[in-house]
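Let me begin by presenting the structure, written as structure tokens, before commenting on it.
The values are calculated or read from the model by the stated rules, or taken from the named source; none is laboratory data. All of these numbers come straight from a predicted model, not from anything done at the bench. Every residue, glycine as well, gets a Cβ built from its backbone with ideal geometry; the counts of neighbours run over all protein chains shown. Each accessible area value is taken on the protein alone, full model and side chains, heavy atoms only, with ligands, DNA and RNA left out. Shrake-Rupley method; radii C 1.70, N 1.55, O 1.52, S 1.80 Å.
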Amino acid sequence: GGFNGLAPSLGLVKYGSERTTDVEIGIKSYWEVAGMKIRANADLFHDALANSQRSTSVQTPLPGGGSVTQTIVANGDATVEGFEFDGMIIPFDGLELSATYSYDYANYDLFVIPTVGSLACLPYPATPRNKISLTGRYHLPLDPALGDISFVASASHQTHEQFATDNSPFGDRAG
């Protein structure tokens with residue numbers, strides 16, 4: 001929790017502590033098939049956030065002209081849930097192939113600013129819906145006294161994410 005020093009109204013001066021309840025279930029597995037080492041991890045999660053803190057611009061009329069005040073508001077409740085996977089295959093000594101994927105669904109259940117009203121329609125910030133990465137690494141077969149020298153190729157992608165404190169198109173980062 002904390003205090004907004006420049007809050008436009010008394011109702012926005014103090015904000016409470018953010019709380020998260022996390023439920024997660026998953027599996028971690030290691031096995032070998034036809035001489036290939038395989039690792040796979042997967043999980044499902046559900047996070048319930050209470051008093052989720054979000055920095056929000058609130059337009060406040062002042063004598064002599066308008067002003068924008070940056071205010072931290074802690075009355076947003078949100079749900080973030082999804083699925084994560086990561087795996088690796090070592091088809092032969094020296095070569096590692098790995099992949100990761102995550103799906104996140106995040107939204108506000110309740111987000112009210114007393115001087116403005118409900119903003120539950122705003123996207124939950126900094127949470128891309130999909131993220132994926134693929135990596136290949138080859139370790140050169142050298143004398144261990146020389147150290148470990150390897151070559152890596154990696155690619156990743158994520159869908160867009162919202163950073164603005166409103167629906168501004170300038171706060172949307174493309175995937």
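The requirement of being assigned to a loop (DSSP other than H, G, I, E, B), farther than 19 Å from residue 123 by Cβ and at pLDDT below 75 is fulfilled somewhere in segment 51-67, by at least one residue. Residue pairs whose Cβ atoms lie under 8 Å apart, sitting 6 or more positions apart in sequence or on different chains, and linking a residue in segment 146-162 that is open to solvent by 40 Å² or more (accessible area, probe 1.4 Å) to a partner that is hydrophobic (A, V, I, L, M, F, W, C) and part of a strand (DSSP E or B), are 154/134; 155/134; 156/132; 156/134; 157/132; 158/132.
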